[in-house]
1. What are the residues whose amide H is under 5 Å from the amide H of B:CYS104, where those residues sit 5 or more places off or on another chain and H is modelled from the backbone?
2. What are the ³J(HN,Hα) couplings of segment A:4-13, residue after residue, when phi is run through the Karplus curve with 6.51, -1.76, 1.60 and θ = phi - 60°? Round to Hz, x for glycine and proline.
3. At the nearest 100 Å², what buried accessible area, both sides summed, do you get for B and A when the probe is 1.4 Å?
4. Among rounded, prolate and oblate, which fits segment B:145-191 when a ≥ b ≥ c are the square roots of the eigenvalues of its C-alpha gyration tensor, a/c under 1.5 means rounded, and a/b larger than b/c means prolate?
5. Applying the Karplus parametrisation 6.51 cos²θ - 1.76 cosθ + 1.60 with θ = phi - 60° to the phi angles of segment B:49-54, what ³J(HN,Hα) value in whole Hz is obtained for each residue in order, glycine and proline being reported as x?
6. Using only alpha carbon pairs under 8 Å that are at least six residues apart, calculate the relative contact order of segment A:1-189 and give it in whole percent.
7. Can you tell me which of A:THR31, A:THR131, A:THR50 moves the most in a GNM of chain A? Springs connect C-alpha atoms under 10 Å apart.
8. Put simply, what bits of segment B:155-170 lose 50 Å² or more of accessible area when the other protein chains are there, versus the chain on its own (1.4 Å probe)?
Number of protein chains: 2
Amino acid sequence: MTKVAVMIAPGCEEIEALTPVDVFRRLGIETTMVGLDDRQVMGAHQIALTCDTSLAEVGEGLLGFDCVVFPGGSGGAKALRDDDRLMQLMQRRQQAGEWNAAMCAAPIAFARYGLLDGHDYTCFPGIEQTTTQVAPSGRFHEDITVVDEKGKLITSRGPATALAFAYCIADALGVDAAEVRRQMLYPYLLENNH
Amino acid sequence: MTKVAVMIAPGCEEIEALTPVDVFRRLGIETTMVGLDDRQVMGAHQIALTCDTSLAEVGEGLLGFDCVVFPGGSGGAKALRDDDRLMQLMQRRQQAGEWNAAMCAAPIAFARYGLLDGHDYTCFPGIEQTTTQVAPSGRFHEDITVVDEKGKLITSRGPATALAFAYCIADALGVDAAEVRRQMLYPYLLENNH
């Protein structure tokens, strides 16, 4: 069974944190919410989130997921960025050829980890001023989602792109999301809301 | 200060439950998550939600909100629909000319309450087979969001329309959401994702 972990840090953007969990569970992907410090995490908009486990509990188990997903939110992204234990696990995941994904502000964490070096990515508008300084060999793009097959990186831009991000991750993992996209009215929204 | 309550019932669709909370708090709207039975509620996709209060605690205080929002999710919508105490409070809100909003499957609750009678609304595709039976004088439309000024009703269709629903509620309450829409990349998504 496909297994994905979503990293939840204090100050995370709640839509970005929970939309992938909702989408992946609809798809039958085994999805684990991993709190950075604790199972109980307060989001950026005072929405209290309850995770399934914590990073301390998971430990090297983080290497066993098919993808590890970083939501954005400035506070959450900085907390993920500054965690050395998480950095080392994520570096080992990239070296092992496993998928990693980040959206909005969270590519600042991947920049510090060295995961963006020589790879294609996107982020929240303006955040590239930080990522290009920290990871100058990374190639920033303005697309809604960016997939770098070589670096096994999936990145996206902000709250409104959270569904696109989740579907893109499913596609990369070989899980057909077409029916769930339809059930969630994503094609309907794009066709009708101009 | 504008005050909104979001009703959270077991089996609610988590994106639909939390997207309005996130958007409203970004807009400076005082937003209260009200658990139907308890402050702790399990969503349809096993995401544990922690509310600020419960319906029993709020009681007639529900009459004091500028809008009460019902997210969808089949299980959550049925639980809201079948709660007689909530039905009576919502009927009094409509009689008092207060705004009420429901999306996805949740218009089945408004149908039972009589809130749709003679008014314009939308719901998740197919749910109108139920609502038109229960509330035959309601007028179903296929738009992403429907605002009925006379019945003070705002309705929408499914997870992918949750942002549009939240912005539409803000507009109806006279709160300018243009800058928050931009910050959340909603116009960017619609302009770029075809």
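1. Under 5 Å from the amide H of B:CYS104: B:PHE124, B:SER156, B:ARG157, B:GLY158.
2. 10, 10, 10, 7, 10, 10, x, x, 5, 7
3. Chains B and A together bury roughly 3200 Å² of accessible area.
4. Oblate, since a/c reaches 1.5 and b/c is not below a/b.
5. 10, 10, 8, 7, 7, 10
6. Dividing the mean separation by the residue count of segment A:1-189 yields 20 percent.
7. Comparing A:THR31, A:THR131, A:THR50 in a Gaussian network model of chain A, the most mobile one is A:THR50.
8. Output list: B:ALA160.
The values are calculated or read from the model by the stated rules, or taken from the named source; none is laboratory data. This structure is a prediction, so every number in the text was calculated from the model and none was measured. Note: ideal-geometry Cβ built from the backbone for every residue, glycine included; neighbour counts use all protein chains shown. For accessibility, only protein heavy atoms count, side chains too; no ligands or nucleic acids. Shrake-Rupley method; radii C 1.70, N 1.55, O 1.52, S 1.80 Å.
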